[in-house]
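Some notes on the structure that comes next.
The values are calculated or read from the model by the stated rules, or taken from the named source; none is laboratory data. Keep in mind it's a predicted model, so treat the numbers as computed, not measured. Heads up, the Cβs are rebuilt from the backbone with ideal geometry, glycines too, and the neighbour counts pull from every protein chain shown.
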Amino acid sequence: MLAWRSDNLSPITRRRLRNFRANRRGYWSMWIFVALLVVTLPAEFLANDKPLLASYKGALYFPVLVDYPEATFGGFLAETDYRDEFIQKEILDNGWMVWPPLRYSYNTVNKLPPTPAPSPPSAENPFGTDDQSRDVLARVIYGFRISVLFGLTLTFFSTIVGVLAGAVQGYFGGLTDLLFQRFIEIWSNLPILYILIILASIVEPNFWWLLAILLAFEWMSLTGVVRAEFLRARNFDYVRAARALGVGNVSIMLRHVLPNALVATLTFVPFLLNGSITILTALDFLGFGLPPGSPSLGELLAQGKTNVQAPWLGMTGFAVLATMLSLLIFIGEAVRDAFDPKKTGA
Amino acid sequence: MTDTLVDIRDLSVSFKTQDGVVEAVKRVSLRIDRGEIVALVGESGSGKSVTALSIPQLLPTSAFHPQGSIRFDGTEIIGAREPVLRAVRGARISMVFQEPMTSLNPLHTIEKQVGEVIRIHRRLDASTTRARVLELLNLVGLRDATQRLAAYPHELSGGQRQRVMIAIALANEPDLLIADEPTTALDVTIQAQILALLKSLQGRIGMAVLLITHDLTIVRKVAQRVAVMTGGEIVETGPVDQILTAPQHPYTKHLIAAEPRGAPVEPRPDAPVLMQTEDLKVHFPIRKGVLKRTVGFVKAVDSVTASVRRGQTIGVVGESGSGKTTLGLAILRLIASRGRIVMFGQDIQGLGFKATRPLRRRMQIVFQDPYGSLSPRMTVGEIIGEGLRIHEPKMSDDARRELIATTLEEVGLTRAMLDRLPHEFSGGQRQRIAIARAIVLRPDFIVLDEPTSALDMSVQAQIVDLLRELQARHMLAYMFISHDLRVVKALSHYVIVMRDGVIVEQGSTQEIFNAPREDYTRALLAAALNLEVVIPEAQRE
């Protein structure tokens, strides 16, 4: 019932797709970004300290998916350390193992570093290790994934809340609008950082806590646009015609106004995603973000700052963040072009 | 003087688009003599404006001329270098556009905007410029010109703005004035004044006018020669009398036959009263100061008492700002009002949303702008079916689809159009869709808010015929709101004349059209039907 009908693409949708493709930089950025996302989503199969598959004494094991006690392979720990030479020898003597390309997870410590941690890039650790002797490449892969997933989730929910709030303000206008606007003015002046510091003393901020807190403030970035669109659209003749038919307010908002407000909203979403990722990185950098030990790009940057003698830390963090954010901005520009009324004639 | 000023030969204009080259004008030839008014007539999209814009070479950059020549006073325009063109534009050829609301810069005073054109082409000092500006404003009949010098465009009415635009166009005493639908956006009485002005100026300073219009009444009134355009070609050209009385080309015949005519079908005299208002008022408060205290009211509609019987059409006429549309919206309770509204024997003033809903299927509305009144992202079937989903929730999908399809056929469309989107249709087709949305619920009373004003002349006639036919078949009652008295005459049994929110005069259509009692009604009629200026005070001196 909502806007998009893929079976009969209207000429305007087709023209938008064409405009999107015409922006070569944005178009390729999208494919690179999608490729990076597809590669890093199954990070456990790409960089892990457990083998993907192991055959031991004729039985098949899936260490990536299942935790086996070490007793299975003749050890004594509760959880198997596949990087341990004794276990490796035991398994290889009685079968075989398939390892992921990178034998480190984000929290795996290289127990035999060539130099005191952080150690520079080597064949074992292509991007070097950090100050706790963990593999930087593995942490970057996991960090990229969590950043993007966090950004997407936050953007998704703040879009929903933002559109709803903007819709109510714009559609009803008057006193509702006035009170809502004043509320937003006050609310947007609350300092997020202090709230997070206070929160950190009560609960341990995990992924979902951070998401909830940031959501409480991020939604406001969209309300302005949506409110303006609804204010404009509520006086359109087709909205009046629907009122004359006896259509209720909720149906009018969903069916007649929202699809037209969505265009303005969609143009903003890539930039919102960028902002969400940046804010998580900033919080991690300051130490108020994800719990200690989590793979995060912000934490990598912080390590780069405290270990200037190990430039691979800061440089890797910078390169990954710059690439990711640039790709998203380029995609955003292409989306903006695609919906540009001057180019689509609508 | 009969020497040729503009000579267009075999001119073609094409546009480069993403879908290839589109040919807008095909091998057009046209001659304009000095001091002559030539009308270029045709429907929207026929290539009139594109032809006219090629004379000063003001087409968008995507346009090009595959062939043809334009000679202006002996000089070839096509392929001429920019300095040559600039010397011609503004100084020897000037233009007046349709929309007086957007053609003036809102941030500059009238004096500055008129003076600018003079200063660009002639080096004059400030006091001479000012004297010339005043002279021009007096020439175009702007009253109190001295006080108006410091005024900004928003302080002027539409007609006054169009006068200023004409003053700017006349500033350098051009040889040719291109007027692109100069009066379409104006009220009828103002329209008559502007046309009278154009004609008198042409006589006084001997300039040629290329008048682009779709309105044959205007052509008959002011032009000497006329060229008829359709599909990018000029199909017929000649003196106005000859073309309008003895058209040769079938398209011209069609255009002349297309003027709305005919009389409404009489309802039974004992038909029951469907809708009745008593002392209906719509007042918008004017608030001032920090505390937003109400200091007064804009009386958009004031003390209107009217009634409609089954099968009857009541025409509401008046100029823009007279409260016609507000009255229609208030009766359907789409805006807040005070006073009694009795609909189908029940006072609906103050009824809640739930209580009004069952009544909504019996009263419907069709709006003026067929481009704005259909949701752009819903299919025709969804648009028409929306009311059915609310008022007939139990109807099966197949039955609903069938009813929508037959309604589409009833308004002259085909059922194959059910799954298409509004932008695929022309203005007239969209208006038919809007009418289908209104009648699919089998209403008793429909408010028609200028349903023909945004349409081409021949389409207007078709819509009027359709409305009359639907009325006879379903015994519908219409409230027909329009500023176009010809259409009102063709459709209404009873007419209300409104001015500043108040009913000035009302009576049967014959009474109003044949024996109007009020000066205002007389002025309106003269302007609309013969383009005559009746209000003496509105003219200069």
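Working only within the range A:224-251, note down all residues that are β-branched (Val, Ile, Thr) and in contact with a Phe, Trp or Tyr (Cβ under 8 Å, 6 or more places away or on another chain). Full working, then the answer.
Going residue by residue through the range A:224-251, those that are β-branched (Val, Ile, Thr) are A:225-226, A:239, A:247, A:250.
Within the range A:224-251, A:225 is the sole residue that qualifies.
So which of B:491, B:418 ends up being in contact with a Leu (Cβ under 9 Å, 6 or more places away or on another chain) and surrounded by fewer than 20 Cβ atoms within 10 Å (Cβ to Cβ)? Can you show your working first?
Numbers: B:491 fails: surrounded by fewer than 20 Cβ atoms within 10 Å (Cβ to Cβ).
Answer to the check: B:418.
From the list A:150, A:156, which one is in contact with a helix residue (DSSP H, G or I) (Cβ under 7 Å, 6 or more places away or on another chain) and either of a type in the set (Phe, Trp, Tyr) or free of Cβ contacts under 8 Å to residues at least 24 places away in the same chain (or both)?
A:150 is the lone residue from the list that is in contact with a helix residue (DSSP H, G or I) (Cβ under 7 Å, 6 or more places away or on another chain) and either of a type in the set (Phe, Trp, Tyr) or free of Cβ contacts under 8 Å to residues at least 24 places away in the same chain (or both).
Which residues, taken from the range A:308-324, are touching a helix residue (DSSP H, G or I) at 6+ places or on another chain (Cβ under 6 Å) and surrounded by fewer than 20 Cβ atoms within 10 Å (Cβ to Cβ)? Please lay out each step first, then the result.
Kept after step one, since they are touching a helix residue (DSSP H, G or I) at 6+ places or on another chain (Cβ under 6 Å), are these residues of the range A:308-324: A:313-314, A:316-317, A:320-321.
The answer is A:314, and nothing else.
Restricted to the range B:3-49, and to residues that are without any contact (Cβ under 8 Å) to a residue 12 or more places away in the chain and in a strand (DSSP E or B), which residue is surrounded by the most Cβ atoms within 10 Å (Cβ to Cβ)? Steps first, please.
Quick first cut of the range B:3-49, residues without any contact (Cβ under 8 Å) to a residue 12 or more places away in the chain only: B:18-22, B:45.
Checking which are in a strand (DSSP E or B) leaves us with B:20-22.
Numbers: B:20: 8, B:21: 11, B:22: 13.
Selected residue: B:22.
Restricting attention to the range B:331-388, which residues are touching a residue at least 60 places away in the same chain (Cβ under 8 Å), closer than 26 Å to residue B:302 by Cα and polar (S, T, N, Q)?
Within the range B:331-388, B:364, B:368 meet the criteria.
Tell me whether the range A:300-307 contains one or more residues that are over 15 Å from the mean Cα position of the chain (by Cα) and closer than 27 Å to residue A:26 by Cβ.
The answer is yes; a qualifying residue exists.
Could you name every one of the helices (runs of 4 or more DSSP H) located completely within the range B:333-414 that has at least 3 residues being more than 12 Å from chain A (Cβ to nearest Cβ) and either among the basic types (Lys, Arg) or under 34 Å from the mean Cα position of the chain (by Cα) (or both)? First the steps, then the outcome.
Values: elements: B:353-360, B:380-391, B:397-410.
Those helices (runs of 4 or more DSSP H) span B:397-410.
So which of A:2, A:9, A:52 is aliphatic (A, V, I, L, M) and either at pLDDT 85 or above or surrounded by 14 or more Cβ atoms within 10 Å (Cβ to Cβ) (or both)?
Details: A:2 fails: either at pLDDT 85 or above or surrounded by 14 or more Cβ atoms within 10 Å (Cβ to Cβ) (or both); A:9 fails: either at pLDDT 85 or above or surrounded by 14 or more Cβ atoms within 10 Å (Cβ to Cβ) (or both).
Of A:2, A:9, A:52, the one residue that is aliphatic (A, V, I, L, M) and either at pLDDT 85 or above or surrounded by 14 or more Cβ atoms within 10 Å (Cβ to Cβ) (or both) is A:52.
Table: residues versus (1) of a type in the set (Phe, Trp, Tyr); (2) away from chain B (no Cβ under 14 Å); (3) touching a helix residue (DSSP H, G or I) at 6+ places or on another chain (Cβ under 8 Å).
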{"position": "A:238", "(1), (2), (3)": "yes, no, yes"}
{"position": "A:242", "(1), (2), (3)": "no, no, yes"}
{"position": "A:273", "(1), (2), (3)": "no, yes, yes"}
{"position": "A:279", "(1), (2), (3)": "no, yes, yes"}
{"position": "A:295", "(1), (2), (3)": "no, yes, yes"}
{"position": "A:300", "(1), (2), (3)": "no, yes, yes"}
{"position": "A:327", "(1), (2), (3)": "no, yes, yes"}
{"position": "A:330", "(1), (2), (3)": "yes, yes, yes"}
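Is it fair to say residue A:346 is within 14 Å of another protein chain (Cβ to nearest Cβ), at pLDDT below 90, buried (at least 22 other Cβ atoms within 10 Å of the Cβ) and within 30 Å of residue B:371 (Cα to Cα)?
Spelling it out, it is not the case that residue A:346 is within 14 Å of another protein chain (Cβ to nearest Cβ), at pLDDT below 90, buried (at least 22 other Cβ atoms within 10 Å of the Cβ) and within 30 Å of residue B:371 (Cα to Cα).
Mind counting the residues in the range B:61-77 that are surrounded by fewer than 19 Cβ atoms within 10 Å (Cβ to Cβ), on the phi < 0 side of the Ramachandran plot and without any contact (Cβ under 8 Å) to a residue 40 or more places away in the chain?
3
Would you please name the residue that is nearest to the chain's Cα centre (by Cα), looking only at residues in the range B:219-255 that are closer than 21 Å to residue B:462 by Cα and part of a helix (DSSP H, G or I)?
B:255
State which residue is farthest from the other protein chains (Cβ to nearest Cβ) when the search covers only the range A:244-267 and only residues that are under 30 Å from residue A:324 (Cβ atoms) and surrounded by fewer than 22 Cβ atoms within 10 Å (Cβ to Cβ).
If we filter the range A:244-267 for residues that are under 30 Å from residue A:324 (Cβ atoms), which is where we start, we get A:261-267.
Cutting the leftovers down to surrounded by fewer than 22 Cβ atoms within 10 Å (Cβ to Cβ) gives us A:262-267.
Numbers: A:262: 9, A:263: 10, A:264: 14, A:265: 14, A:266: 13, A:267: 17 Å.
Here the residue is A:267.
Among the residues of the range B:238-260, which ones are surrounded by fewer than 22 Cβ atoms within 10 Å (Cβ to Cβ) and either in contact (Cβ under 8 Å) with a residue 60 or more places away in the chain or hydrophobic (A, V, I, L, M, F, W, C) (or both)?
B:240, B:244, B:246, B:254, B:256, B:257, B:258, B:259, B:260
Is it true that some residue in the range A:281-288 is in contact with a Lys or Arg (Cβ under 7 Å, 6 or more places away or on another chain) and either without any contact (Cβ under 8 Å) to a residue 12 or more places away in the chain or farther than 30 Å from residue A:164 by Cα (or both)?
Kept after step one, since they are in contact with a Lys or Arg (Cβ under 7 Å, 6 or more places away or on another chain), are these residues of the range A:281-288: none.
Among the residues of the range A:281-288, not one is in contact with a Lys or Arg (Cβ under 7 Å, 6 or more places away or on another chain) and either without any contact (Cβ under 8 Å) to a residue 12 or more places away in the chain or farther than 30 Å from residue A:164 by Cα (or both), which makes the answer no.
Scan the range B:256-276 and tell me whether some residue there is in a helix (DSSP H, G or I) and under 29 Å from residue B:184 (Cα atoms). Talk me through it step by step, then tell me what you get.
Taking the range B:256-276 and keeping what is in a helix (DSSP H, G or I), we get B:256-257.
In the following step, the residues that additionally are under 29 Å from residue B:184 (Cα atoms) were identified as B:256-257.
Yes, the range B:256-276 contains at least one residue that is in a helix (DSSP H, G or I) and under 29 Å from residue B:184 (Cα atoms).
Quick grid of which residues meet (1) surrounded by fewer than 21 Cβ atoms within 10 Å (Cβ to Cβ); (2) among the small types (Gly, Ala, Ser); (3) assigned to a loop (DSSP other than H, G, I, E, B); (4) within 21 Å of the chain's Cα centre (by Cα):
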residue: B:142; (1), (2), (3), (4): no, no, yes, no
residue: B:168; (1), (2), (3), (4): no, no, no, no
residue: B:177; (1), (2), (3), (4): no, no, no, no
residue: B:182; (1), (2), (3), (4): no, no, yes, yes
residue: B:211; (1), (2), (3), (4): no, no, no, yes
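Evaluate the following for residue A:212: is it in a helix (DSSP H, G or I), at pLDDT 85 or above and either over 23 Å from the mean Cα position of the chain (by Cα) or at positive phi (or both)? Walk me through it before giving the result.
Details: in a helix (DSSP H, G or I): yes; at pLDDT 85 or above: yes; either over 23 Å from the mean Cα position of the chain (by Cα) or at positive phi (or both): no.
No.
If I ask for residues that are within 14 Å of chain A (Cβ to nearest Cβ) and touching a Phe, Trp or Tyr at 6+ places or on another chain (Cβ under 9 Å), which ones from the range B:15-29 would you list?
Across the range B:15-29, the qualifying residues are B:15, B:22.
So which residues in the range A:88-109 are more than 25 Å from the chain's Cα centre (by Cα) and crowded, with 21+ Cβ neighbours inside 10 Å, if there are any at all? Don't jump to the end; show me each part of the working.
Within the range A:88-109, the first condition is being more than 25 Å from the chain's Cα centre (by Cα), and the residues that meet it are A:88-99, A:109.
Across the range A:88-109, the qualifying residue is only A:91.
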